[in-house]
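Here the structure is laid out as structure tokens; the discussion comes afterwards.
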Amino acid sequence: MKANRLLKTHAARILVILCALILLGGVGLCLWLCAGLPAPDDLSAYTSAPSSKIYDRHGQLLFEMPPPYTGSHTPATLADIPPYLIQATIATEDATFYSNPGMDLQGILRAVWINVQGGEAGGSTITQQLVRTVMFSADERVERTLYRKLRELILAIRITRRYTKDEILTLYLNETYYGNMAYGVEAAAHAYFGKSARDLDLAECALLAGLPQTPALYNPLEALDAAKARQAVVLDLMVKQGYISEPDAALAIAEPLDLAAAPFPIRAPHFVMFVRSQLERELGLARIQAGGLNVYTTLDLDLTDTARDSIRHHLELLAVCHYDPVCPPGGRNVRNAALVALDPQTGDVVAMVGSPDYFSARIAGAVNGATALRQPGSSIKPLTYAAAFEQAALGQGDFTPATMLLDVRTAFVTREGTPYVPLNYDLVFRGPVRVREALASSYNLVAIKVLDAIGVEALTGMARRLGITTFDDPDRIGLAIGLGGGEVRLLELTAAYAAFANGGYAVQPRVIRRVEDADGALIWEPPGGMGERALDARVAYLITDILSDDLARIPTFGEGSVLNLSRPAAVKTGTTTDFRDNWTVGYTPELVVGVWVGNADNETMKEVTGITGAAPIWHDVMEAALKGQPGHNFERPAGLVDVEVCALSGELPEPDCPHRIVETFIAGTEPDAVCTMHQRIDGIVYTILPPEAQAWARERNLPQPPIQNPQPATHLRITSPDTGAVYRIDPAQPREMQKINIFIAVDTHFKQIKLLIDNSPLATLIAPPYTHLWQLEPGIHTFSAVGRAPDGMEIVSDSVTIDVRE
């Protein structure tokens, strides 16, 4: 018994000791966690950080970034904040805000589970975010430790006990960072929309509510597509929480955003905002908010101001139709332009203008046209030809600057089975042309022929290597991308051209040279200079040689156009078919400049092309930037040869070739075949065109050789209509007036050609031109042709199917 009592006494003592240790441990843990915690009573008391300064490459101050909550920070009462913004914020950040005690245990467990599975999720309530934003130091804000999370939870619970939910929400909406140097919803409303928060509608509220998660990523002034996608997420959450209906959300998503910015002192504003976003991505928001940074950039402020002034000047000239005596009613309807200039050897951005006036709401001036997605038109063509030349250099293709292609009406079948017929800008086909002229004069159909031959992936792969990041959706990419059907950023396209200027090296645009703290200590220095080789130097030179050939572009642009500089320069224009965008991108060995002209709201201009819109700006900025510097020729790499060829066929000339030129080839790709396009018959030299060009020749009344000893027929093709074409019968017109021409191309004279429709005879043709006029009849119809040559050989064409609808 005594032993049992002794054992129980020892057990009791041990239990007391354990309880004491647990109690002491708990007290110690609380003291450790609560040490230095700010009191909830001091919630609105925070310390202002020192300003950070952004300088240009010569030390000129561009902008002094205000500390958090100063300058661009205007507190608003909850009554001044639209209900939509409050609801959007709660639905997005903390759906249980009004019922939780400052923390959401279910949300925390869900976030832990997602993170354990390799994902990334928050779990912080609005109250926790407020604690982190206002009450923690910059260093503690970026910590990802259990210690910091527990301290955050303790403070969130204390604040919930000390303040009402409306007071907490008011503080959150006034202190949260929304990007673009705006703290609080009132500042954000002015920064993005140029108006007070109380005037925001549903679409605008949803966009703002989506920004705090990652302001730099969702900034609508630089990444509108990403911002709109985030806006859609917010609206969907609002629907799920019952704040709005699905039709309300759909209307808000479809609403065009009228982006603007309230004026404040700043130089090169689009560039500064771009730099600010990059600083957030590289250093983190907490370090930016800590202040005390000196940011030394690549920008030449004087050149940027010159570029801005040139943009304004030429836009004014366009408005009054200075370049054209025939002016459309209301003028040219062009309000906006953007420019990027960079060093092709380093990637340093020396000039960036995102619009003629950052603070103009009328033109959505705060939108950065240098980073916005726009269709490049023909300015993408050099990448297609570079990919074609590269394949030839590798022995996988045969395209050279001398390759002859037929610029005649040609239909290409898309992945959807519909015909695609590219047209040149002036709607004129030019027959046989060499690749040099086709690229320099920007012939559309030839560019698509080249792309069709090399494959779309060859172009998109080339674009990716040269730094274009927007050609990665195969479902949206087809042959039309060769004429600018995809979207690019001016900054990335200009950097892609830098590879042609520097001999084939990829360039990553650089806007920051170094970042120092207030004491001059280096914090960050991004790498500069050229990247890896992305392109054969010989290919880069061939593209440059063509784009700097003023003679080769005469058919489209005339002699001595605005594309010529006082020094060697290569340049390409681009215009979209609906006049929404026009471009000029060009370079010397020292500088690449890209210019876009259009309207930020995507409204069409009135017949403003690359040569009249963007090219004059490009010309003047290039001349101003290089004034006083000696001109340099582009360096010619080894491995190129010059060969005399026929000016029409691009093959080795024979005695009857009337015109010859010297062309440059990558060694091993020069022609070995002799020209057969010129034949002497009865003392007269005739041009013998391929069958596909015979109809083109007849339309232009070009002399055709007499038929002598015809060769065996090998070719019979229906060239119109296009397979997959859809026609509609107009009930308002007489049926007998609704007819289409059936065209057949041949490579020799046929005794007769029988045209069939749905395997039944339609017409018999005995002499060129082999055409027949057919009256439209409803239904699916298939045409084919059977020809009998002089030697009796029977040739059958491929079939063409069309759809005629009533």
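Taken over the stretch 671-699, residues that are over 30 Å from Asn741 (Cα atoms), assigned to a strand (DSSP E or B) and not β-branched (Val, Ile, Thr) amount to 3. The condition (being among the hydroxyl-bearing types (Ser, Thr, Tyr) and open to solvent by 30 Å² or more (accessible area, probe 1.4 Å)) is satisfied by just one residue among Thr306, Thr371: Thr306.
Return a yes/no flag: does the stretch 314-337 have any residue that is open to solvent by 10 Å² or more (accessible area, probe 1.4 Å), assigned to a loop (DSSP other than H, G, I, E, B), acidic (Asp, Glu) and modelled with pLDDT of 90 or more. No: the stretch 314-337 contains no residue that is open to solvent by 10 Å² or more (accessible area, probe 1.4 Å), assigned to a loop (DSSP other than H, G, I, E, B), acidic (Asp, Glu) and modelled with pLDDT of 90 or more. Within the stretch 781-806, being in contact (Cβ under 8 Å) with a residue 24 or more places away in the chain, in a strand (DSSP E or B) and open to solvent by 40 Å² or more (accessible area, probe 1.4 Å) holds for Thr782, Arg788, Val796, Thr801, Arg805. Take the residues in the stretch 521-548 that are over 17 Å from Ala463 (Cα atoms), without any contact (Cβ under 8 Å) to a residue 40 or more places away in the chain and assigned to a loop (DSSP other than H, G, I, E, B); name whichever of them is least open to solvent (accessible area, probe 1.4 Å). This residue is Ala521. Filtered by the rule that a residue be open to solvent by 50 Å² or more (accessible area, probe 1.4 Å), among the acidic types (Asp, Glu) and touching a residue at least 60 places away in the same chain (Cβ under 8 Å), the stretch 510-520 gives no residues.
Going by the conditions given, is Leu702 surrounded by fewer than 17 Cβ atoms within 10 Å (Cβ to Cβ), in a loop (DSSP other than H, G, I, E, B) and modelled with pLDDT of 85 or more? Judged against the criteria, Leu702 is a match.
If we keep just the residues of the stretch 739-764 that are within 41 Å of the chain's Cα centre (by Cα) and without any contact (Cβ under 8 Å) to a residue 40 or more places away in the chain, which is nearest to Leu406 (Cα to Cα)? Here the answer is Asn741. Considering Gly431, Gly377, Gly365, Gly397, the condition of being open to solvent by less than 10 Å² (accessible area, probe 1.4 Å) and farther than 30 Å from Lys228 by Cα is satisfied by Gly431 alone.
Sub-9 Å Cβ pairs linking a first residue in the stretch 268-283 that is more than 14 Å from Gly369 (Cα to Cα) to a second residue that is of a type in the set (Gly, Ala, Ser) and part of a helix (DSSP H, G or I), at least 6 apart or interchain, are Arg276/Ala216; Ser277/Ala216; Gln278/Ala216; Leu279/Ala216; Glu280/Ala216; Arg281/Ala216, ordered by first then second residue.
The set of residues from the stretch 459-509 being in a strand (DSSP E or B) and open to solvent by less than 40 Å² (accessible area, probe 1.4 Å) comprises just one member, Val488. Please go through the stretch 180-217 and pick out each residue that is hydroxyl-bearing (Ser, Thr, Tyr) and more than 14 Å from Leu257 (Cα to Cα). Within the stretch 180-217, Tyr183, Ser196, Thr214 qualify. Given the criteria touching a Cys at 6+ places or on another chain (Cβ under 9 Å), farther than 30 Å from His58 by Cα and free of Cβ contacts under 8 Å to residues at least 40 places away in the same chain, does Val320 qualify? Spelling it out, Val320 is indeed touching a Cys at 6+ places or on another chain (Cβ under 9 Å), farther than 30 Å from His58 by Cα and free of Cβ contacts under 8 Å to residues at least 40 places away in the same chain.
Residue-level check: of (1) buried (at least 21 other Cβ atoms within 10 Å of the Cβ); (2) under 14 Å from Thr127 (Cα atoms); (3) modelled with pLDDT of 85 or more; (4) not small (Gly, Ala, Ser), Val185 misses just (2). Checking the condition part of a loop (DSSP other than H, G, I, E, B) and within 34 Å of the chain's Cα centre (by Cα), which residue from Gly650, Gly586, Gly631, Gly668 passes? Checking each option against the conditions leaves just Gly631. When the stretch 723-738 is limited to residues that are over 42 Å from the mean Cα position of the chain (by Cα) and exposed (fewer than 14 other Cβ atoms within 10 Å of the Cβ), the one that is modelled with the lowest pLDDT turns out to be Ala732. The residues of the stretch 213-270 that are open to solvent by 20 Å² or more (accessible area, probe 1.4 Å), under 19 Å from Ala191 (Cβ atoms) and β-branched (Val, Ile, Thr), listed by number, are Thr214, Ile266.
The set of residues in the stretch 233-275 that are under 19 Å from Pro220 (Cβ atoms), of a type in the set (A, V, I, L, M, F, W, C) and assigned to a loop (DSSP other than H, G, I, E, B) comprises Leu257, Leu259, Ala260, Ala261, Ala262, Phe264, Ile266. Screening Leu551 against (1) part of a loop (DSSP other than H, G, I, E, B); (2) crowded, with 16+ Cβ neighbours inside 10 Å; (3) among the aliphatic types (A, V, I, L, M) leaves a single unmet condition, (2).
Reported count of residues in the stretch 561-612, each being among the β-branched types (Val, Ile, Thr), at pLDDT below 95 and open to solvent by less than 30 Å² (accessible area, probe 1.4 Å), is 3. Considering only residues in the stretch 739-788 that are within 17 Å of Arg717 (Cα to Cα) and among the basic types (Lys, Arg), the one that is modelled with the highest pLDDT turns out to be Lys754. Examine the stretch 53-65 for a residue that is open to solvent by 30 Å² or more (accessible area, probe 1.4 Å) and modelled with pLDDT under 90, and state whether such a residue exists. Yes, that holds for at least one residue. Inspection of the stretch 508-522 identifies no residue that is over 30 Å from Ser51 (Cβ atoms) and in contact with a strand residue (DSSP E or B) (Cβ under 6 Å, 6 or more places away or on another chain).
The values are calculated or read from the model by the stated rules, or taken from the named source; none is laboratory data. In this text the structure is predicted, and so the values were computed from the model without any measurement. For neighbour counting, all protein chains shown are included, and Cβ atoms are generated from backbone atoms with ideal geometry for every residue, glycine included. Please note that ligands, DNA and RNA were not included when accessible areas were found on the heavy atoms of the full protein model with its side chains. Shrake-Rupley method; radii C 1.70, N 1.55, O 1.52, S 1.80 Å.
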